[in-house]
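To keep things clear, I will list the structure first and then write my remarks on it.
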Amino acid sequence: MNTSASPHPSHTTTGQGGETHQSADDAGIPTMTTQQGVPVSDDQNTLRNGAGGPALMEDFHFREKIFHFDHERIPERVVHARGYGAHGYFELTDSLADVCHADIFKNVGEKTPAFVRFSTVAGGRGSSDVVRDVRGFAVKLYTKQGNWDIVGNNIPVFFIQDAIKFPDFVHAAKEEPDRGFPQAQTAHDNFWDFVSLSPEATHMVCWAMSDRAIPRSFRFMEGFGVHTFRLIDAKGRSTYVKFHWKPRQGLQSVVWNEALKINGADPDFHRRDLWNAIHAGDYPEWELGVQLFDDEFADSFDFDILDPTKLIPEELVPVRRVGRLVLNRVVDNFFAETEQVAFCTQNIVPGIDFTNDPLLQGRNFSYLDTQTKRLGGPNFTHIPINAPKCPFHNFQQDGHMAMHNPKGRANYEPNSWPQPQGGPRENPVSGYRSFPQEQSGEKVRQRSASFGDHYSQARQFYISQTPVEQTHMKDAFVFELSKVETPAIRVRMLTHLRNVDEALAHGVAEGLGISPLPPAARPFLPVRTDLPASDALSILKNGPDSFHGRKLGVVVTEGTDADLLTAVLEAAHNVGAETELVGPRIGNICNDRGKVLPVMQKINGGPSVLYDAVVLLPSAQGSRLLLGEATMRDFIADAFAHAKFIGYGADAEPLLDAAGVTSAARDDGVIRLGGGGDATAFVKACAALRFWPREQHVHAV
Ligand code: HDD
């Protein structure tokens, strides 16, 4: 046995192949066993007939280990394959008992365990985080009356109106079947072919081309239940409801060029962000908001409340905040929890009910079905992450991996066995009851005519954006359509955009070199141009009021000014921002007082796209060294181009010049830091997140 300089020197051995590992020859280290519990003596060498001989079939340990490995993967989700989950709780802050008898909405202050999984939609499990895509926002609430899943997105409307179109939509959005690319993006012919042939998609496409589709973090995005649901009160009366999750952290997105670069620098940008925030104790939080309305409102509203391509502006029906969702614990095991969690729209509890939204009705079939395939059988509810946390009893039995078969003789009902052998019985008082909605009508395959206005709300969304956001939308359309190879598809898309906004259509056409504009698509119902702008639809109008929860990248070198650095770090920490030092190398860098700095990133590994704002504090000598460094110039040029706030010490001026941020180009977002007061003012300015007036000066095309 050899010992070496490992973190566990006393138990470390060197194996026959020179590998360093620990053995359980000492108390306190668990002995490895097979799945049958048989202790393992050697986990690194197969059993063979002589050292150079063939492997022996009887090596049950080898066979079990490889067999299990061969079966590690389960099918990835057909959509929303890439996701990241966390645990937390929901706390009721305002009773909804006036309109809903669900237990979760009764007692103010009561906490209900929750699990949330955020996701992208189109990409595979191993794709990048910051792609242009809708984000899933799925919440599982382990209530005392069973699990309630709100399987929502970060966008309040959807691409299609009827679930029967979902396979077509998803096929068109994902990689093209003959070539297997492009991955995790909609910038290709099939997607735009489908949506340009489906006018109902126009509203959602506008959202997808807005900055909503490139969030800065899961923490900084809203969630929406999308459909209209029902709340049922104790007397069985129904109130319509739309669910909203409002981030306490405020809204924030990145810019597109930044997104492209983040995906290279850190494909796990969003999951790392959530992991870091929870580990730092900066627990992300959302308020649960409800828009409540009745039949009278529904009848008077300009659109059909059952149409999932429409939203109800918050100015018309205000969002009542009734609770908070706090994420405070990462998973113990990604596969067991995040991968195996199974959300189903059909999981609702007494007091909540569905409506006739045709998309929701179809979803209620799809989720149960897909989980059975994905998780291998009907007992996926026995997996701890999916099991209710309240008592549950029924006579469902057997099947693959059954963990909770009923005990005793009775496995059917009615039965006449006495309790406890007789088992559970239905409960007409506390049991789930559906709202007794009257139904009539012929059996037809027909879309309601009231679903026919496809452009008015798309237009309302567009005019609700700030000019900066409108430009981003135009640029996104141009980018995506520039990747479409078939000219007719690009032109067809423009016919829809003309019904959204003429300036938008012109801008996109110009970007694509299309002239003259094609005629507008003929709308099924006239386009409403009188819908007022809604501030709630803009990200920039709903940003944070401080730099809390954001990340500052600080460039340091040998000899960095210790006082200024301390002032910057303190100012950032005082508002709850994270900081990271970036330098020419990691470790062994001293400030001007000889103190070693905890440099976490080398400049090429920590480009400015990973930070919300940057500060440049090289010493004069460090600045000279970095002048020849291309990645340093990129760091500054990108931060400037992405409209970030840049703070700098006097010695950083040559670096700014070298990156093209000359004294003439420097604007109010490029801030010279002389002392501690400046650092505080800088961090305060960063609350605006970006210096948007710069954007128009850094783009010529
Ligand atoms: Fe869906 C997953 C959200 C329409 C069929 N969907 C899935 C997830 C989210 C959504 C967040 C991932 C859940 C997780 O993290 O595990 N889906 C939506 C929203 C929709 C929507 C907000 C429209 C309002 N979905 C939709 C339709 C269908 C599906 C119309 C089918 C008819 N969705 C599925 C699915 C998935 C899924 C195939 C794939 C993996 C899974 O369910 O668990 O059943």
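In the set (1) within 12 Å of the ligand (Cβ to nearest atom); (2) surrounded by fewer than 21 Cβ atoms within 10 Å (Cβ to Cβ); (3) more than 23 Å from the chain's Cα centre (by Cα), the condition left unmet by ASP294 is number (1). Among residues that are under 30 Å from LEU325 (Cα atoms), crowded, with 21+ Cβ neighbours inside 10 Å and more than 13 Å from the ligand (Cβ to nearest atom), ARG230 is not included. For the structure I just gave you, tell me whether ALA387 is part of a loop (DSSP other than H, G, I, E, B), in contact with a strand residue (DSSP E or B) (Cβ under 9 Å, 6 or more places away or on another chain) and without any contact (Cβ under 8 Å) to a residue 40 or more places away in the chain. The answer is yes for ALA387. Against the criterion of being buried (at least 23 other Cβ atoms within 10 Å of the Cβ), among the small types (Gly, Ala, Ser) and without any contact (Cβ under 8 Å) to a residue 60 or more places away in the chain, ALA639 qualifies. Residues in segment 94-115 that are of a type in the set (S, T, N, Q) and more than 27 Å from VAL331 (Cα to Cα): SER95, ASN107.
Would you say PHE395 is away from the ligand (no atom under 16 Å from the Cβ) and in contact with a Pro (Cβ under 7 Å, 6 or more places away or on another chain)? Yes: the conditions hold for PHE395. Scanning segment 71-80 finds one or more residues that are in contact with a Lys or Arg (Cβ under 7 Å, 6 or more places away or on another chain), surrounded by fewer than 18 Cβ atoms within 10 Å (Cβ to Cβ) and among the acidic types (Asp, Glu). Out of all the residues in segment 127-150, is one or more closer than 28 Å to MET209 by Cα, at pLDDT 95 or above and surrounded by fewer than 20 Cβ atoms within 10 Å (Cβ to Cβ)? The answer is yes, given that some residue of segment 127-150 is closer than 28 Å to MET209 by Cα, at pLDDT 95 or above and surrounded by fewer than 20 Cβ atoms within 10 Å (Cβ to Cβ). When the criteria are applied in full, LYS407 meets the requirement of being surrounded by 10 or more Cβ atoms within 10 Å (Cβ to Cβ), of a type in the set (D, E, K, R) and either without any contact (Cβ under 8 Å) to a residue 60 or more places away in the chain or in a loop (DSSP other than H, G, I, E, B) (or both). Residues that are in a strand (DSSP E or B), within 20 Å of ARG550 (Cα to Cα) and more than 14 Å from the ligand (Cβ to nearest atom) occur at least once in segment 243-251. Take the conditions (1) more than 16 Å from the ligand (Cβ to nearest atom); (2) in contact with a Phe, Trp or Tyr (Cβ under 9 Å, 6 or more places away or on another chain); PRO313 misses just one of them, which is (2).
To keep it simple, each residue is scored yes or no on (1) at pLDDT below 95; (2) of a type in the set (D, E, K, R).
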residue: CYS390; (1), (2): no, no
residue: GLY408; (1), (2): yes, no
residue: GLN470; (1), (2): no, no
residue: GLU480; (1), (2): no, yes
residue: ARG490; (1), (2): no, yes
residue: LEU497; (1), (2): no, no
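In segment 576-606, what residues are of a type in the set (Val, Ile, Thr), surrounded by 15 or more Cβ atoms within 10 Å (Cβ to Cβ) and over 20 Å from ARG672 (Cα atoms)? Selection gives ILE586, ILE589, VAL599, ILE603. The single condition from (1) more than 16 Å from the ligand (Cβ to nearest atom); (2) touching a His at 6+ places or on another chain (Cβ under 7 Å); (3) under 27 Å from SER119 (Cα atoms); (4) touching a residue at least 60 places away in the same chain (Cβ under 8 Å) that PRO308 fails is (1).
For segment 339-357, taking the residues that are surrounded by 21 or more Cβ atoms within 10 Å (Cβ to Cβ) and not in a loop (DSSP other than H, G, I, E, B), the one that is farthest from the ligand (Cβ to nearest atom) is identified as ILE352.
The values are calculated or read from the model by the stated rules, or taken from the named source; none is laboratory data. Computed from a predicted model, the values in this text were never measured in an experiment. Glycine also receives a Cβ, built like all others from the backbone with ideal geometry; neighbour counts cover every protein chain displayed.
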